[in-house]
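Enquirer: Shown below is the structure under consideration.
The values are calculated or read from the model by the stated rules, or taken from the named source; none is laboratory data. Just so you know, these numbers come straight off a predicted model, no measurement behind them. Note that each Cβ is placed from the backbone with ideal geometry, even for glycine, and that neighbours are counted across all protein chains shown. Accessible surface is based on the protein model in full, side chains and every heavy atom, while ligands, DNA and RNA are left aside. Shrake-Rupley method; radii C 1.70, N 1.55, O 1.52, S 1.80 Å.
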Amino acid sequence: MVLAIYVGFIITTAIGEYQGNPAVNALLGEQAPNLEGKEVRFGWAQSALFATTTTGTMCGAVNSLHDSFMPNGGFVTLSNMFLQIVWGGQGTGTAYLFAYLLLAVFVTGLMVGRTPEFLGRKIEKREVVLASFLILLVHPIAILIPGAIALAFPDQLAGISNPGFHGLSQVIYEYASAAANNGSGFEGLGDSQPSPLAIAGGASSTATALWWNLSTCFSLLAGRYIPITALLLLAESMSRKQPVPLTSGTLRTDTGLFTGITAGIILVMGALTFFPILALGPIAEAFQIARGLG
Amino acid sequence: MQLKSPRSAIISALIYNALIIPALIPLALKGVQFRPLTANQLLRRNILIFGLGGVIAPFIAIKIIDILIPFA
Amino acid sequence: MLTDDISRYPEFMQTPQGSNSLSSSSHTGASRRHTPKASMGGLYQRAIREAFVKLNPRTEVKNPVMFIVWVGTIVTFLVTLDPNLFGTVQADPAQQRLLNGLITFILFFTLVFANFAEAVAEGRGKAQADALRSTRSDTIARKLLPNGSTQEISSTELRRGDQVKVVAGDMIPADGEVVKGVASVDESAITGESAPVLKQPGTDIMSSVTGGTRILSDELIINVTSDPGQGFIDRMIALVEGAERSKTPNEIALTVLLTVLTLVFLIVVATVSPLANYVQAPTTIAILISLLVALIPTTIGGLLSAIGIAGMDRVAQFNVIATSGRAVEACGDINTLVLDKTGTITLGNRLADQFIPVNGHTVEEVAQIALAASVFDETPEGKSIVILAEKNRASVNFKTADATGVEFTARTRMSGTDLPNGKEVRKGAVDAVKGFVRSRGGVVSTQLDEAYERVSRLGGTPLAVCQDSEIYGVIYLKDIVKAGLRERFDQLRRMGVKTIMLTGDNQITASVIAREAGVDDFIAEATPEDKIDVIRREQSEGKLVAMTGDGTNDAPALAQANVGVAMNSGTQAAKEAANMVDLDSDPTKLIDLVTIGKQLLITRGALTTFSIANDIAKYFAIIPTILQQQGLVPSISCSLKVLDRQSFQR
């Protein structure tokens, strides 16, 4: 299932890059892949693969500037970091997937007429609190709240290079990257601390840099340590439960059907949380470009 | 969804949201029909009815309400 | 409608009509005490009134999801009064006011509908409780005074510790224990068992009598064990009325999840505002609230408590008293059912299966005597003997009008007929018949004991037949497995529920019955201690166990089991230890309780899934409108067309 989402994401990005920017294409009079911000050595296809993988795995290395991707690329890289389960970096992806599985079991498990159990252990209030807190609440708090503050004061705080829908993507990407332990940048923000020389020379971006450093710190800490603590508590509480024997009345979690259900739960609980942001960011941008306004 | 207007879309979604509660009262009181099946058969059946049904039904219902309500 | 149909048919829970079929009892349609018909008149009017009363914020705050809707309604109401309350709106104020008013109106009804759902469920519970209350009918009781005389008073005036005297034909006025006398009691009103039951002091089940049953022979002195209004029915009334309802663990966990989801969407919607402002697509507060209400799981939030109350109500309709909602929920999780053989798996009354002749007599002769001895016997056992005898070509060769029936009494343990020609035919317990024959100067052969043993080995009950001093043979009374049980055990197996049969019978008999009934496992020659051992063993494997019981020695096992159902005919100790009491004393109901528990959980899960799945459609209906509002994106479909056209042009 994760592989399917991953492949789907790569294809989405690649199509976006391959078709190129219609505005640019119109100028060139031919269809060409979007190569802005990419190393020509890698080309559009490898860059798409790398961008999808690096955001999916919380790697953080980049071989092209995500800022310059077509909206499709922005959509995919953002989604990767919102969900945090497409491969997932260094163990956390699996952990998040487990938390989603737990919630899927909790909601749908009732439908087999038993109180839900996962890996032979009953899911009770404590587990639901930890799991839902972990994946449903922390991530939006870490991404959306600072993002909203930054965008409420775009001039004072954000320092966005491309205003409009794309700017929104820039800001949200920054926080998503921080909260999802990714570390890659969409770039295009005035977020770097200027060198002392530059300040001496009268550079004035200190205020935005300070805001970015502090707010991403918050996202980073919240996005990393709260879920890790919650996961450890969850594992601890699950391990102490007496296992329930498997019968034909037990919900099986190793079937294709259940995988599909989990995908549905991830879609509704995870993806829909961020859907308005994606709609206002990359999706709106895509329509904008499509209509030739960009 | 090609609804008539933004306003109509919001009103339709809300009307659906309100009406689905009384519509489901009989089901909540009587309970879902129970069949003595294995867990997986039960799950498949119920997911099909309530999961897939839950995705599709509101699309149809909201569209219908959108057509029915009088203003644009 | 809530019809508590008394006709029973052995089918697996025909839920939709609410005519809760119970299984498989020999009982057909006679009036039962506890089949109250709940009156539903005025239910909906009352529920509508309740729905508005529940708008009180102190009530609403208990349900976080609906409380958000409640707050949203207040806010939209305020912006209806003044659209510019939270920042200026560009749109035409009148138009805006209309829209806001409309949203307020719909939100208000969302709240009312949710309250209505809960009120209807509670109303049905109350109606059920009223019906239960009405079952406690008044009868005249003969209270025994200290001086030995009796005084006629109403049964409602009886107090715990009072002693009453009942004679043949009386209705027993209250639950109690027999302190003196031996009598047969017709308990068909509560057990569905038409054969009279022997009551005598000193034993467990035998000494316990239930109010509403009728004494058929002799007389009894009964010590009343419960005050009026203190019984289990009164506890149940409090429960179904919702007064004592507390949330079950699963309900709490689900509420937590729904609350977190609500919080998530609250954050999402709150942050949409600055984001939308940034991209020059500002939205109004009313629209944001609409989006929020559409996204939070209002459907399940509004129906959750109604589902729980309805679950309790359904148990009550089955004439089962549950002491907590937790017990009902646990029913769905049961892995193992521990069932007693007699009364649960087999019918209480046995049927004649075979005549075994002794002392050189033929089968026909035995049939002839057995028939003669049974012509006045109206019990199912007696009737089955007549049928079997007629199959063996026996016929009544005397005028029944001239003959006299000798009724079964607890002391003689025999019944029979005094024939017109002066001969006495008798049938009864082997020991009793032996005594009768000896008293008439006859001898008892070892053949009789052999036949007795043979029948015992088959799991049956032997009845000896004699005429005067001559023993003719033995009637083999067979245990009859209740109809349709096999299918139900198969269904239970498919659902992952294991059944274990407990019986005092020997190994051979037990295995025969176990195979016939289709139970998964059995324990023969079981003592009450075995019962608690098997429950502990299953529980140590992490399983949840349900059992039924009626005797005082069942009490520890009832307390140990996750779901313990005591029979109403059982002793007070058993009822105290159990977490459910079956008013009909029908142990087979345990199987129905499992399905009720599962059904409750399935309904909850199904509506949660439905509610969450609905979000997808609502998203697609509302999100584009936020973009459309400022004309930035005309509509998704429209944009797609533009996209198509452009790629086409290329």
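Enquirer: For the pair B and C, how large is the buried accessible area, both sides, in square angstrom to the nearest 100, if the probe is 1.4 Å?
Expert: 4300 Å²
Enquirer: Also, quick follow-up: Counting only other chains, what is the mean number of Cβ atoms within 10 angstrom of the Cβ of each residue in peptide B:54-67?
Expert: Average per residue, whole number: 5.
Enquirer: With a sphere of radius 13 Å drawn around the Cβ of residue C:180, what net charge do the other residues whose Cβ falls strictly inside it have (Lys, Arg +1; Asp, Glu -1)?
Expert: Local charge sum for residue C:180: -1.
Enquirer: Of the listed peptides C:59-67, A:105-113, what is their order by residue-averaged count of other C-beta atoms within 10 Å, with the highest listed first?
Expert: Final packing ranking: A:105-113, C:59-67.
Enquirer: Mind checking which lysines have their C-alpha under 16 Å from residue A:122, skipping anything on the same chain fewer than 8 residues away?
Expert: Candidates past the 8-residue exclusion: A:241, C:543, C:598.
Enquirer: Spin-label point model (7 Å from Cα, Cβ direction): what's the residue C:397 to residue C:487 distance in nm?
Expert: So the label points at residue C:397 and residue C:487 sit 4.5 nm apart.
Enquirer: Averaged over its residues, how many other protein chain Cβ atoms are within 10 Å of peptide C:107-119's Cβ atoms?
Expert: Shielding by partners across C:107-119 averages 4.
Enquirer: Follow-up question, since we're still on this one. Check the straight Cα-Cα distances from residue C:165 and name the lysines below 21 Å, setting aside those fewer than 8 residues away within the same chain.
Expert: C:143, C:180, C:199
Enquirer: Sticking with this structure for a sec: Here are some pairs, C:383/C:434; A:125/C:531; C:247/C:589; B:30/C:618; C:383/C:531; which of them have Cα atoms lying more than 30 Å apart in this structure?
Expert: A:125/C:531; C:383/C:531
Enquirer: Here's something else I'd like to know. On a 0 to 90° scale, report how tilted helix B:53-68 is relative to the longest principal axis of chain B, with both axes built from alpha carbons and the result rounded to the nearest 10.
Expert: 30 degrees
Enquirer: Lys and Arg at +1, Asp and Glu at -1: add these up for the other residues within a Cβ distance under 13 Å of residue C:389 and post the number.
Expert: Surrounding charge for residue C:389 is -2.
Enquirer: Excluding ligands, DNA and RNA, what is the accessible area buried between chains A and C, summed over both sides, using a 1.4 Å probe, to the nearest 100 Å²?
Expert: 5000 Å²
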